[in-house]
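S.K.: One structure is given below, represented as C-alpha cells, and several questions about it will come after.
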Amino acid sequence: MCRHLAYLGPEEPLGRVLVEPPHSLFRQSWAPRRQRYGTVNADGFGVGWYASQDPVPARYRRAGPIWADLSFADLSRVVRSGAVLAAVRDATFAGADAEAAAAPFASGRWLFSHNGAVAGWPDAAAPLVSALPPVELLSLQARNDSAFVWALVLHRLRSGDEADQAMGETVRQLAWAAPASRLNLLLTDGATITATAWGDSLWYRTEPGRSTVVASEPYDDDPLWREAPDRTVLTASRAGVLLAPLEDPAASPALGSARAGAPRSPKEPCR
C-alpha cells in the first residue's frame with residue numbers, strides 16, 4: 001500500500017534520512033524488502049519537515065513517483081531538518097485527487113500518514129461518518145480512505161485526546177467497522193512520534209538522547225532496528241520509544257463511546 005517514515009534527531013539534510021541509506025524510503029518506492037501488499041509505490045509521495053523555531057511544518061508532495069522528481073533531488077540535498085515525516089504511495093484505488101491524496105496530511109503542527117487500507121472502502125466506513133461534524137467531513141483533503149482516517153484522528157486531537165488516545169481509538173473504531181483493515185498510522189508534531197502497528201510491519205530504531213526513527217521497514221541493516229508487535233501503539237521522542245498493546249475490538253463486546261465515535265474525555269483512561 002505504502003511505505004512511510006518519521007525521524008527525530010539532529011538536523012540533517014533530508015536526503016541523508018530519505019535517500020542515502022542503502023534501503024532508504026527512496027529505494028522502497030520501487031524495491032521494498034518487507035512490503036506484503038503491493039510491490040511498487042509510484043502513485044505519489046510526500047515529505048513534511050519542521051524548520052527551527054517554526055512549529056508549523058512545510059510539505060512537498062507530488063502525484064508521481066519520487067524517483068522521477070528532479071526537484072526533490074535538489075530539495076533533499078539542501079533542506080535540513082531535525083523532524084521529518086515522509087511517505088511513498090501505492091494507491092488502493094485509482095483516483096483523481098493527485099497530490100492531495102499523498103501523505104503527509106497536515107493540520108497546524110501535525111503531520112500524518114496511513115500505511116494500509118480500510119477494507120470495503122467506502123461502504124464499510126459509512127457507520128463512522130456520524131463521528132465527524134459535517135464541516136469536517138466536507139473539508140476532507142482527498143476522497144480516499146487515508147484522508148478519512150486522518151479526519152477521524154484530527155477530530156479526536158481537536159477534541160482533547162492525547163495523540164496515543166486519538167490514534168488508538170481511531171484504529172479500534174475502524175477495525176470494528178471494517179475488521180480486515182490494515183491501519184498502520186504515523187503522526188508527529190515535530191517533537192514526538194505516535195504510530196500504530198495494525199496489520200502491517202512497523203519498525204523503530206532509537207539512540208536514546210540523540211535520535212529515533214519509526215518506519216514501515218528498516219532503511220539499513222543496523223542491529224539497533226526492532227520490530228513493533230502487531231496490535232501496538234508506539235510513542236517516541238528523541239529520548240526513546242514506548243510500546244503499549246492495542247485491544248482488538250473483536251475481543252471487547254462493548255466499546256461504548258469509542259464504537260459510537262465520540263471522542264473520550266482527556267481524563268478518561270485509555271482502555
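S.K.: For the subset of region 37-46 comprising residues that are farther than 11 Å from residue 88 by Cα and within 18 Å of the chain's Cα centre (by Cα), which member is least open to solvent (accessible area, probe 1.4 Å)?
M.R.: Here the residue is 38.
S.K.: Here's a follow-up. Which of the residues that make up region 20-36 are in contact (Cβ under 8 Å) with a residue 12 or more places away in the chain and open to solvent by less than 80 Å² (accessible area, probe 1.4 Å)?
M.R.: Listed by number, the residues that qualify are 21, 23, 24, 25, 26, 28, 29, 32, 35.
S.K.: While we're here: Name the strands (runs of 3 or more DSSP E) wholly within region 79-155 that hold at least 3 residues that are aliphatic (A, V, I, L, M), crowded, with 19+ Cβ neighbours inside 10 Å and in contact (Cβ under 8 Å) with a residue 24 or more places away in the chain?
M.R.: 80-89
S.K.: Ok, one more. What single numbered condition from (1) closer than 19 Å to residue 109 by Cβ; (2) part of a strand (DSSP E or B); (3) open to solvent by 10 Å² or more (accessible area, probe 1.4 Å) fails to hold for residue 204?
M.R.: (1)
S.K.: How many residues are at pLDDT below 95, part of a loop (DSSP other than H, G, I, E, B) and touching a helix residue (DSSP H, G or I) at 6+ places or on another chain (Cβ under 8 Å) when one looks only at region 226-251?
M.R.: Of the residues in that region, 2 qualify.
S.K.: Which count do you get for residues in region 50-78 that are open to solvent by 70 Å² or more (accessible area, probe 1.4 Å) and in contact (Cβ under 8 Å) with a residue 40 or more places away in the chain?
M.R.: The total comes to 8.
S.K.: Among the residues of region 204-246, what is the count of those that are within 21 Å of residue 165 (Cα to Cα), of a type in the set (A, V, I, L, M) and free of Cβ contacts under 8 Å to residues at least 60 places away in the same chain?
M.R.: Summing the residues that are within 21 Å of residue 165 (Cα to Cα), of a type in the set (A, V, I, L, M) and free of Cβ contacts under 8 Å to residues at least 60 places away in the same chain in region 204-246 gives 6.
S.K.: Let me confirm something: among 179, 218, 223, which residue is assigned to a loop (DSSP other than H, G, I, E, B) and buried (at least 16 other Cβ atoms within 10 Å of the Cβ)?
M.R.: Details: 179 fails: buried (at least 16 other Cβ atoms within 10 Å of the Cβ); 223 fails: buried (at least 16 other Cβ atoms within 10 Å of the Cβ).
Selected residue: 218, the only one of 179, 218, 223 that is assigned to a loop (DSSP other than H, G, I, E, B) and buried (at least 16 other Cβ atoms within 10 Å of the Cβ).
The values are calculated or read from the model by the stated rules, or taken from the named source; none is laboratory data. A quick note: this is a predicted structure, and the numbers were derived from the prediction, not measured. Backbone-built Cβ (ideal geometry, glycine too); neighbour counts: all protein chains shown. Quick note on the areas: whole protein, heavy atoms, side chains included, nothing else; ligands and nucleic acids left out. Shrake-Rupley method; radii C 1.70, N 1.55, O 1.52, S 1.80 Å.
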